[in-house]
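This report refers to the structure that appears directly beneath it.
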Amino acid sequence: MNIGQHLEAARADLAGALRDCPGAHPALEAEILMAHALETPRSFLYAHPELEVPQARAHAFRTQVERRMRGEPIAYITGEREFWSLRFRVTPDVLVPRPETELLVETALELLGNSGPARVADLGTGSGAIACALASERRGDEVTGTDISFDALEVARRNAAELSIRNASFVHGSWCDPLEGAYDCIVSNPPYIAEGDPHLGRGDCRFEPRTALTPGGDGLASIQEIARDATSHLVQGGWLLVEHGVEQGPAARAILSAQGYRSVDTCQDLEKRDRVTLGRKA
Ligand code: GLN
């Protein structure tokens, strides 16, 4: 079979198997997996649909299509995901970076503005996506990513090394625990999905680390803990930014206000949904 025929068969198989899977894109995903199997850019597939696929590559491709048909996130199958135009390695030890998290990076960059070299922390860094994105934009800053998972730290360190980011380092511990000294900005995309939320049983979430998705209960416990502890690790006027669920804007603002933060505000994503709440240490 040639490239075009393989793609068409895989598209049909994926469309059938992933009918009820939110965020699935059968045609695009067939191409991503074929490009991965052939180690070519996707554009090559459009230019040469008539080329025969060598047997070993065809076998590898079909195996990966079948994994995807069972719902496994495509990023875990290819082992990578783009975030902030950087290529991150991902494993099942870390959450797959989401495009909506770019708002957190964007907002932090705006707040830091053209201040001099800053100290920035990313709590629960996972793949290191946020920390590396910030460090890549602000080479003079010192960015620290923390995570309670040693496996996640390994992924984050490898990402920073492969992206040649030298101003980000990663330390082990829960949220603020491993931080030393005062920070100008603390950011986090913590677990925030409520315990019984049906999203946990759908799509990519089924395969991601449960602890990266939900703290249990109403989903607000991690935000609460971060807001409480970050005050003692921020400089005066330093910013805290947390990502949260689209219905958690009012609750997140209430949490930050109750902890004494000033200028508390919520930023909305492109779809005008509450996404990131921020506040400033008084
Ligand atoms: N900071 C990582 C990200 O945004 C991981 C977040 C998490 O595991 N909750 O991708």
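The values are calculated or read from the model by the stated rules, or taken from the named source; none is laboratory data. None of the values given here were measured: they were computed from a predicted structure. Cβ placement follows ideal geometry from the backbone for every residue including glycine, while neighbour counts extend to all protein chains displayed. Protein only, heavy atoms only, side chains kept; ligands, DNA and RNA dropped before computing areas. Shrake-Rupley method; radii C 1.70, N 1.55, O 1.52, S 1.80 Å.
Of note:
- Condition met for residue 4 (out of contact with any strand residue (DSSP E or B) (no Cβ under 9 Å at 6 or more places or on another chain), on the phi > 0 side of the Ramachandran plot and not aromatic (Phe, Trp, Tyr)): no
- Of all residues in segment 36-49, those satisfying the criterion of being within 16 Å of residue 10 (Cα to Cα) and surrounded by fewer than 18 Cβ atoms within 10 Å (Cβ to Cβ) are 42, 46, 49.
- Screening residue 199 on (1) under 30 Å from residue 69 (Cα atoms); (2) modelled with pLDDT of 95 or more; (3) of a type outside the set (D, E, K, R); (4) open to solvent by 70 Å² or more (accessible area, probe 1.4 Å) shows it passes everything except condition (2).
- Residue that is nearest to the ligand (Cβ to nearest atom), among those in segment 216-241 that are surrounded by fewer than 17 Cβ atoms within 10 Å (Cβ to Cβ) and under 14 Å from residue 281 (Cα atoms): 228
- Residues of segment 108-131 classified as more than 13 Å from the ligand (Cβ to nearest atom) and open to solvent by 10 Å² or more (accessible area, probe 1.4 Å), total: 10
- Breaking point among (1) within 16 Å of the ligand (Cβ to nearest atom); (2) modelled with pLDDT under 95, for residue 213: (2)
- Residues that are free of Cβ contacts under 8 Å to residues at least 24 places away in the same chain and among the hydrophobic types (A, V, I, L, M, F, W, C) were ranked within segment 191-210; the one that is nearest to the ligand (Cβ to nearest atom) is 205.
- Residue list for segment 166-190, restricted to those being crowded, with 20+ Cβ neighbours inside 10 Å and within 14 Å of the ligand (Cβ to nearest atom): 168, 170, 175, 186, 187, 188, 189, 190
- Candidates in segment 70-100 are the residues that are free of Cβ contacts under 8 Å to residues at least 60 places away in the same chain, open to solvent by 60 Å² or more (accessible area, probe 1.4 Å) and on the phi < 0 side of the Ramachandran plot; of these, the one that is farthest from the ligand (Cβ to nearest atom) is 70.
- Some residue of segment 242-258 being more than 16 Å from the ligand (Cβ to nearest atom) and among the polar types (S, T, N, Q): yes
- Residues in segment 142-170 that are part of a loop (DSSP other than H, G, I, E, B) and either of a type in the set (D, E, K, R) or more than 17 Å from the chain's Cα centre (by Cα) (or both): 164, 165, 166, 167.
- Residue in segment 57-70 that is assigned to a loop (DSSP other than H, G, I, E, B), under 23 Å from the mean Cα position of the chain (by Cα) and under 26 Å from residue 205 (Cβ atoms) present: yes
- From the options 134, 103, residue that is crowded, with 22+ Cβ neighbours inside 10 Å and assigned to a helix (DSSP H, G or I): 134
- Members of segment 242-282 that are of a type in the set (A, V, I, L, M) and open to solvent by less than 30 Å² (accessible area, probe 1.4 Å): 242, 252, 255, 256, 276, 278
- For segment 137-155, residues that are surrounded by fewer than 20 Cβ atoms within 10 Å (Cβ to Cβ) and within 15 Å of the ligand (Cβ to nearest atom) total 5.
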